[in-house]
Ligand code: ACM
């Protein structure tokens with residue numbers, strides 16, 4: 001009985017060695033030892049690099065050192081260098097690396113460019129966050145490699161458009177935390193964002209909408225309550241810009257997965273090419289959010305259109321995957337369409353959902369002929385999928401589990417754990433957060449996610465390529481808001497993707513995450529300042545007629561300010577020092593905020609004490 005109980009308990013995480021933990025590295029490397037001592041880099045640094053990948057990583061490292069006030073040069077003289085990059089076949093796989101810092105300097109060894117790049121990213125986290133006179137690198141011996149090969153984050157540029165400069169920054173964010181896949185959601189009902197030479201109306205018409213819904217659509221009871229801003233909105237990337245972003249990502253070992261939605265989420269296409277619809281238009285690029293019944297008709301002109309589009313897309317993106325969407329495609333129009341009835345009769349389908357499966361398989365054959373693999377949202381399972389399609393499981397893990405059992409590859413991105421457009425404050429539609437889609441996704445729920453479902457056998461688990469976080473942007477209108485939703489949650493996503501489950505511990509993660517805030521500040525990233533911890537009934541200690549709280553902040557160097565009178569704390573209200581004692585003779589609301597060293601404040605933590 002006892003043995004049975006113990007067997008059913010989750011394995012305790014192996015906590016990192018305290019010296020390794022103090023380094024504050026995110027994601028936590030596989031194996032770290034941190035002997036006493038540090039290597040001081042000279043004022044002018046030489047980086048030894050010979051092969052093209054070594055030189056690429058050395059040049060990126062040089063730029064990052066320059067930003068720290070340390071000029072660096074590349075050298076082909078090993079003896080003259082303080083930082084040495086070396087390529088050597090390694091047991092650590094294509095993305096693993098070894099990093100040694102000792103009296104002889106810094107040595108990064110990997111089987112190829114990606115591993116060298118991740119070694120360089122780890123090295124950067126060992127350097128001071130800000131420029132300073134001396135740069136001392138703690139002695140370490142690190143052997144590291146990722147848990148998953150697909151470590152993704154998506155950015156929706158359709159609902160709101162983000163300029164090339166910010167897309168590059170987003171790629172930098174992923175790369176800094178060792179993610180390797182950027183899913184670029186380029187098309188949707190609210191705007192088509194990629195230039196296609198053969199279809200100029202996509203960028204003349206589909207890339208723009210007349211106006212945009214104002215406020216949280218999900219809170220309005222009827223469309224009569226909808227209000228619009230009256231301002232035309234749009235934008236797109238030229239093919240030259242796409243090539244620039246692809247090259248930028250390649251240099252950072254990030255693969256881009258372009259997404260071209262079909263057959264749903266495509267009313268913007270119909271605005272420009274209404275002949276691809278099942279019923280006559282006109283159509284307009286959508287100005288609100290949700291699921292639109294006007295999807296493309298699965299007829300020959302539609303195949304021709306998407307094949308032409310995908311021909312240009314495949315030529316622009318060198319990665320192995322093309323995402324075709326496939327989600328949220330209501331079949332209202334297809335059921336009414338004589339053309340679709342005709343297809344069903346011809347193909348012997350008794351269910352209109354099977355038409356989407358047939359559509360997808362035909363598109364997949366086309367992509368395969370171009371050497372590309374198809375990825376689709378988990379709805380692609382419903383019409384029957386080929387053995388070779390990759391499924392992105394978003395409506396929980398169910399689709400991913402079914403697909404892996406079926407032998408298909410899977411990317412796990414369940415709304416419950418990885419939709420980072422969901423809120424970060426327990427209060428729905430909190431006045432302290434920007435407008436967002438609703439739902440609450442706290443940091444620990446992201447951190448504790450394990451992409452390998454227990455329902456799968458080890459052989460089936462091999463089909464789980466890895467996790468991906470999704471940033472939908474209906475309400476995330478600016479780069480600043482993307483940063484607010486992304487940080488610090490991206491750091492949790494990073495450990496979900498990189499660190500084996502047995503080595504993960506949320507309690508050990510939090511202080512390492514805390515050490516990253518100074519780095520985010522140095523890069524002027526608009527992270528969400530976390531509320532103080534410890535203001536909850538479970539943490540309260542009774543001392544006579546008082547409740548005593550010990551508050552703490554996850555941000556090193558932050559102040560905690562509080563009030564007992566229901567007002568919002570700020571820099572002028574009481575400063576928390578050691579403990580906070582609250583009289584119990586009346587009901588009152590305690591509010592406490594973190595004031596970060598950069599001056600920004602968190603949302604208040606709140607507790608009604610009675
Ligand atoms: C999705 O969130 N509609 C994939």
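The values are calculated or read from the model by the stated rules, or taken from the named source; none is laboratory data. Just so it is clear, the structure is predicted and the values come from calculations on it, not from any experiment. Here the Cβ positions follow ideal geometry from the backbone for every residue, glycine too, while neighbour counts run over all protein chains shown.
When region 424-444 is limited to residues that are within 16 Å of the ligand (Cβ to nearest atom) and under 15 Å from residue 484 (Cβ atoms), the one that is modelled with the highest pLDDT turns out to be 441. Among residues of region 382-393 being in contact with a helix residue (DSSP H, G or I) (Cβ under 9 Å, 6 or more places away or on another chain) and without any contact (Cβ under 8 Å) to a residue 24 or more places away in the chain, the one that is farthest from the ligand (Cβ to nearest atom) is 391. Out of the residues in region 587-599 meeting the condition of being touching a strand residue (DSSP E or B) at 6+ places or on another chain (Cβ under 9 Å) and assigned to a loop (DSSP other than H, G, I, E, B), tell me which one is nearest to residue 533 (Cα to Cα). The selected residue is 596.
Annotation: residue 487 fulfils all but one of (1) within 30 Å of residue 217 (Cβ to Cβ); (2) more than 16 Å from the ligand (Cβ to nearest atom); (3) over 11 Å from the mean Cα position of the chain (by Cα); the unmet one is (3).
Sub-7 Å Cβ pairs linking a first residue in region 246-272 that is assigned to a helix (DSSP H, G or I) to a second residue that is at pLDDT below 95, at least 6 apart or interchain, are 270/281, ordered by first then second residue. Scanning region 221-274 for residues that are under 30 Å from residue 115 (Cβ atoms), within 16 Å of the ligand (Cβ to nearest atom) and touching a helix residue (DSSP H, G or I) at 6+ places or on another chain (Cβ under 9 Å) yields one hit, 258.
For region 558-570, state whether one or more residues are within 15 Å of residue 534 (Cβ to Cβ) and in a loop (DSSP other than H, G, I, E, B). Yes, some residue in region 558-570 is within 15 Å of residue 534 (Cβ to Cβ) and in a loop (DSSP other than H, G, I, E, B). Count of region 354-380 residues, restricted to those that are touching a strand residue (DSSP E or B) at 6+ places or on another chain (Cβ under 7 Å) and either farther than 15 Å from residue 303 by Cα or within 16 Å of the ligand (Cβ to nearest atom) (or both), is 9.
Here the condition is being in contact with a helix residue (DSSP H, G or I) (Cβ under 8 Å, 6 or more places away or on another chain) and within 28 Å of residue 446 (Cα to Cα); of 90, 176, 110, 143, it holds for 176 alone.
The residue list 546, 523, 552 contains one member that is out of contact with any helix residue (DSSP H, G or I) (no Cβ under 7 Å at 6 or more places or on another chain), surrounded by fewer than 18 Cβ atoms within 10 Å (Cβ to Cβ) and closer than 24 Å to residue 126 by Cα, which is 523. Of all residues in region 80-99, none satisfies being in a helix (DSSP H, G or I), over 21 Å from residue 498 (Cβ atoms), at pLDDT 95 or above and in contact with a strand residue (DSSP E or B) (Cβ under 8 Å, 6 or more places away or on another chain). Within the set 492, 518, the sole residue that is away from the ligand (no atom under 16 Å from the Cβ), in contact with a helix residue (DSSP H, G or I) (Cβ under 7 Å, 6 or more places away or on another chain) and part of a helix (DSSP H, G or I) turns out to be 492. Once region 457-470 is narrowed to residues that are within 16 Å of the ligand (Cβ to nearest atom) and in contact with a helix residue (DSSP H, G or I) (Cβ under 6 Å, 6 or more places away or on another chain), the residue that is farthest from residue 170 (Cα to Cα) is 467.
Restricting 110, 143 to those that are modelled with pLDDT of 95 or more, buried (at least 22 other Cβ atoms within 10 Å of the Cβ) and touching a strand residue (DSSP E or B) at 6+ places or on another chain (Cβ under 8 Å) reduces the list to 110.
The number of residues in region 283-331 being within 16 Å of the ligand (Cβ to nearest atom), surrounded by 20 or more Cβ atoms within 10 Å (Cβ to Cβ) and part of a loop (DSSP other than H, G, I, E, B) comes to 7.
Of the listed requirements (1) under 22 Å from residue 379 (Cβ atoms); (2) in contact with a strand residue (DSSP E or B) (Cβ under 6 Å, 6 or more places away or on another chain), residue 317 misses just one: (1).
Of all residues in region 474-501, those satisfying the criterion of being farther than 13 Å from residue 443 by Cα and either modelled with pLDDT under 95 or buried (at least 23 other Cβ atoms within 10 Å of the Cβ) (or both) are 474, 476, 482, 497, 498, 499. Just a yes or no: is a residue in region 445-456 within 16 Å of the ligand (Cβ to nearest atom), surrounded by fewer than 20 Cβ atoms within 10 Å (Cβ to Cβ) and either free of Cβ contacts under 8 Å to residues at least 60 places away in the same chain or over 25 Å from residue 525 (Cα atoms) (or both)? No, there is no match, as no residue in region 445-456 is within 16 Å of the ligand (Cβ to nearest atom), surrounded by fewer than 20 Cβ atoms within 10 Å (Cβ to Cβ) and either free of Cβ contacts under 8 Å to residues at least 60 places away in the same chain or over 25 Å from residue 525 (Cα atoms) (or both). Taken over region 144-173, the criterion of being under 14 Å from the mean Cα position of the chain (by Cα) and farther than 15 Å from residue 479 by Cβ is satisfied by 150, 151, 152, 154. For region 177-196, the count of residues that are more than 16 Å from the chain's Cα centre (by Cα), under 16 Å from residue 475 (Cβ atoms) and not in a loop (DSSP other than H, G, I, E, B) is nonzero. Residue 469 - would you say it is in contact with a strand residue (DSSP E or B) (Cβ under 6 Å, 6 or more places away or on another chain) and outside any loop (DSSP other than H, G, I, E, B)? Spelling it out, residue 469 is indeed in contact with a strand residue (DSSP E or B) (Cβ under 6 Å, 6 or more places away or on another chain) and outside any loop (DSSP other than H, G, I, E, B).
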